[in-house]
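Q: Take this structure, written in structure tokens, and hold onto it; I'll ask about it next.
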């Protein structure tokens, strides 16, 4: 068996053992959504079998390089694409390889992303059986017209059917993805979506305001100065949708724990929290990102090249670089501040053996004066203010 | 040296009519240069010049031609700069010649610059003969152009060589015409030295290399010389000729020849173009006529984008000035831009050339303020100030009146665009002097225009309104009293000194309004609302608002791709670096040039 060398420093301060997270990228979709710029789509479908083979091989190869202690996994995330388009046998196979090669903790959070149209009772039963305990559904909107504009292939009614199946199968930890600021969306229709969704009491809601990304159909249609058929809501409406999200979710007992994530107490997504807190993770599959032993790297994002590299027994990871102390501090700040809890002075000191004040004191003070950051005396922590959340990039760049 | 075998001449043409290409062909055909040695254009040796197709500094070359009569002739081809900004330099180069070749494009015919340059040559009593170039073009109309030359300029054109400089067609005819039609120089080598400086160049080994035409007398190594206007004196170290791209030392330069002198002179300021060199111990009676002190016409502030680069900018300007006596600069401080220089130029093209050379050759990132002209401010106490920086304008209560420079302009235009161009001149406060039809379809419009109305985008406006069928030439006429005001720009209630400009009272409101609109586009949204105001003497005349930023979030962070996220943030940070902090507002560098783009759309 071939092996990959995972370079990196085994720095002493990193020795404080934290468990590992795994991300598995499933790039397949039944259709490409018009706003989506991820590495995904129906075009990869023909390579599905070879891809899964390769993915399993990659998981095995990587695991070989890890010490026993490093292999303790407490979160797994199947993302995409649409992992639920895989046959249940296929997802089972991947899960088996992971369990064989890593030590997956009993209480591990294992999430899978799905689309309302690809849910079947049979698949759900298999998910349950192999340990998947959290589902994330890309609903985006409860308005069928808006769904059509997005290029989604499901309807609200179809979603409801899937939702009932999920509930019937006993999944309790479920996220619903929503989007605001959609072409043709009105404040009223968005409110309608929120109402309908909240009636279902999902324990977790992610709400994104649409960003027109480069290279998407949406860019062609709604890019700067363009408007095809529908219009993007005005800035004013977009902001009102955002305010509405905050208010309605708060009233229903949801807590906003990250810029775009809301949950009922105890239902925060542990896997995503790991990204914000500097936890180690390994990503498998096309274009997947990893952070391991203080090093960031990312797999080849061209399907053909990815498969060829793996076939030749080469490492599919590119752009490896070890974060300097300075970069680690930067990340600690701009990732940590995404969480509403913010960053704790004590944690910073533990990690870097230098006080937060000494490194960023001046910046923090300026940002506090601008009402972008606030200091929590009790916790000894810094976090974004409401205004700071709205313009968080302006805050983050200050730490670069 | 036998004066009858010397021909000192230049080539005059409108830009792009093929002056430099013809010069190359002449050099090639006179055989002193192999094809291999030829750079694309031998005479234009600065990269920038080649890119723009403009000759900035005159280059001169001496070649030997064996004519059909069996004799060898020495050709001194003096190249002249081809732009109105360098009018004075052109006039001095012409004064060093005995004749000129007029190159006219067979398709385009006579243009404004053609006329201006020919008249300048005729003013210097040069014998001018025409050459019709680009006859290989399908649109060439040599017959029409010949007639035009005879009608408009009044010189014989029907025996003009019909050539294609590009393809080397009929170049022999040009060479023979040079021998026949250009008079040989006069002057007595036994008279006291009298030499005309028509250019100079700074060389770090030799010091200033002075380009001159010996009118009377002679000069050689050891001759004590004196520059009659600047008063500088020195002992000659070396004299010589201009080879193609190199200096060839010789024994002596005598009356009628063109060559160079070095004398360990440290600064081109001592060897002003147009000055007369004489023998310090045996001086000539009087200097040659026509010397003028070169004055900068256009001023702007130049600041390093990175404040720490101020010494680099100073060094770069110092070096450029060694070779360019027309470039002036003095340190100034702007509240908005920090430490920089107020720089003076012959014109807008000169400004652009210097700016590009600073950025390219010296790798400097510059913030340039809007260019302005020199205003004369007459104060109540009788004092007169020459104002080059709008922020130095005295309090209006101290001002009696102000004057601005006026030019006389000739615009040659196809008749169907006359209305459009007259409209443009009207908007620019032009005073119509007259119009003449050169032929049925073309006319010359003559206007008086304030210089400050043409230094911005007049060329562009002219081009677009005439669909490219207009050409333009001007010369400074003098100063006239004018109703001028200073327009101040306030950003977030703070006056930004670098954005102030002087404008005619009647266009102040309109300019102020458009300036605010333009700045609104240029200034990114901040965390707070930013009022942008235009004011005259504290009275706000226009206002726009940059709305506060309400959203700047990257919501998605998928699959732990932190690197991508960081790259986006880094890009954002890079953008911030290219801003200038004024008060608590960050202003992009290009906003300081906004005033230049007020007439867009």
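What follows draws every value from the coordinates through simple rules; no lab data is involved. This structure is a prediction, so every number in the text was calculated from the model and none was measured. Because the Cβ atoms are built from the backbone with ideal geometry, glycine has one as well, and the counts that use them run over all protein chains shown.
Q: So, in nm, how far is label residue B:362 from label residue A:49 when the simple model puts each one 7 Å beyond its Cα toward the Cβ?
A: Each label point lies 7 Å from its Cα, and together they span 6.9 nm.
Q: Expressed as a rounded percentage, what relative contact order does region B:144-236 have, with Cα pairs under 8 Å and six or more residues apart?
A: Relative contact order here is 16 percent.
Q: Something else now. Between residue B:573 and residue B:543, what is the label-point separation in nm under the 7 Å Cα-to-beta-carbon projection?
A: Calculated label separation equals 3.8 nm.
Q: Working from Cα positions, state the angle (0 to 90°, nearest 10) between the long axis of helix B:171-181 and the longest principal axis of chain B.
A: 70
Q: Hey, with R₀ at 60 Å, roughly what FRET efficiency would residue B:481 and residue A:105 work out to, going by the Cβ-Cβ distance, to 0.05?
A: Plugging the Cβ-Cβ distance into 1/(1 + (r/R0)^6) gives 0.10.
Q: Determine the gain in length on full extension of the stretch residue A:311-residue A:68; use 0.36 nm per residue of separation and subtract their C-alpha separation, reporting nm with one decimal. The partial results should precede the final answer.
A: Values: separation 243, 0.36 × 243 = 87.48 nm, distance 2.66 nm.
Full-extension gain reported as 84.8 nm.
Q: Given axes a ≥ b ≥ c from the Cα gyration tensor, I'd like to know whether region B:479-576 is rounded (a/c under 1.5), prolate (a/b larger than b/c) or oblate.
A: Prolate, because a/c is 1.5 or more and a/b exceeds b/c.
Q: Can you give the relative contact order of region B:453-601 as a percent, counting alpha carbon pairs under 8 Å and 6+ residues apart?
A: Details: 180 pairs, mean separation 32.1, N = 149.
Contact order relative to length: 22 percent.
Q: Based solely on C-alpha atoms, express the radius of gyration and the Dmax of region A:106-258 in angstrom.
A: 16.4, 52
Q: Continuing with this model, one more query. Kirkwood hydrodynamic radius (Cα pairs, Å) of chain A?
A: Details: mean 1/r = 0.0445 Å⁻¹.
By the Kirkwood definition, the hydrodynamic radius is 22.5 Å.
Q: Can you give the FRET efficiency for residue B:323 and residue B:173, using 1/(1 + (r/R0)^6), R0 = 41 Å, r = Cβ-Cβ distance, to the nearest 0.05? List each step's numbers first, then the result.
A: Working: r = 36 Å, r/R0 = 0.89.
Computed FRET efficiency for residue B:323 and residue B:173: 0.65.
Q: Based on the Cα gyration tensor of the protein assembly as shown, what are the three equivalent ellipsoid semi-axes, each the root of five times an eigenvalue, rounded to whole Å and given largest first? The partial results should precede the final answer.
A: Working: eigenvalues 1065, 217, 171 Å².
With the √(5λ) rule applied to the protein assembly as shown, the semi-axes are 73, 33, 29 Å.
Q: Is the C-alpha gyration tensor of region A:40-84 telling us rounded, prolate or oblate? Criteria: a/c under 1.5 is rounded; beyond that, a/b larger than b/c is prolate, otherwise oblate.
A: Oblate.
Q: Same structure again: Using Cα atoms only, what is the angle between the long axis of helix B:310-322 and the major principal axis of chain B, expressed in degrees (0 to 90) to the nearest 10?
A: Around 20 degrees separate the two axes.
Q: Hey, rough spin-label estimate for residue B:181 and residue A:375, points 7 angstrom out along Cα→Cβ, what's it come to in nanometres?
A: 8.6
Q: Please express the shape of region B:237-302 as an equivalent ellipsoid: the semi-axes are the square roots of 5 times the eigenvalues of the C-alpha gyration tensor, given largest first in whole angstrom.
A: 26, 19, 12
Q: Moving on. Taking the number of other C-beta atoms within 10 Å as the exposure measure, put A:45, A:248 in order starting with the fewest.
A: A:45, A:248
Q: Let me test this: with uniform point scatterers at the alpha carbons of region A:326-400, what is the Debye-based log₁₀ I(q)/I(0) at q = 0.11, 0.15, 0.23 1/Å?
A: Here the Debye-derived log intensity ratios amount to -0.22, -0.42, -1.05.
Q: Please provide three numbers in whole Å: the alpha-carbon extents of region A:191-346 along the principal axes, with the largest listed first.
A: 52, 48, 31
Q: Also, quick follow-up: Would you mind computing the Rg to Rh ratio of chain B from its alpha-carbon coordinates, Kirkwood style for Rh?
A: 1.01
Q: Another one. Relative to a virtual label point 7 Å from the Cα of residue A:186 in the Cα→beta-carbon direction, which members of region A:199-220 show backbone nitrogen distances below 11 Å?
A: Taking a point 7 Å out along Cα→Cβ of residue A:186, no residue of region A:199-220 has its backbone N under 11 Å.
Q: Under the 0.36 nm per residue contour assumption, what length would be gained going from the current alpha-carbon distance of residue B:267 and residue B:122 to full extension?
A: Residue separation times 0.36 nm, minus the Cα-Cα distance, leaves 48.9 nm.
Q: Next question, about the same structure. Label region A:215-293 by shape, choosing from rounded, prolate and oblate, from the square roots a ≥ b ≥ c of the eigenvalues of the Cα gyration tensor; if a/c is under 1.5 it is rounded, and otherwise prolate applies when a/b is larger than b/c, oblate when it is not.
A: Because a/c hits 1.5 or more and a/b fails to exceed b/c, region A:215-293 counts as oblate.
Q: On the first, second and third principal axes, largest extent first, how far apart are the outermost C-alpha atoms of region B:485-535 in Å?
A: So the three principal-axis extents are 36, 18, 13 Å.
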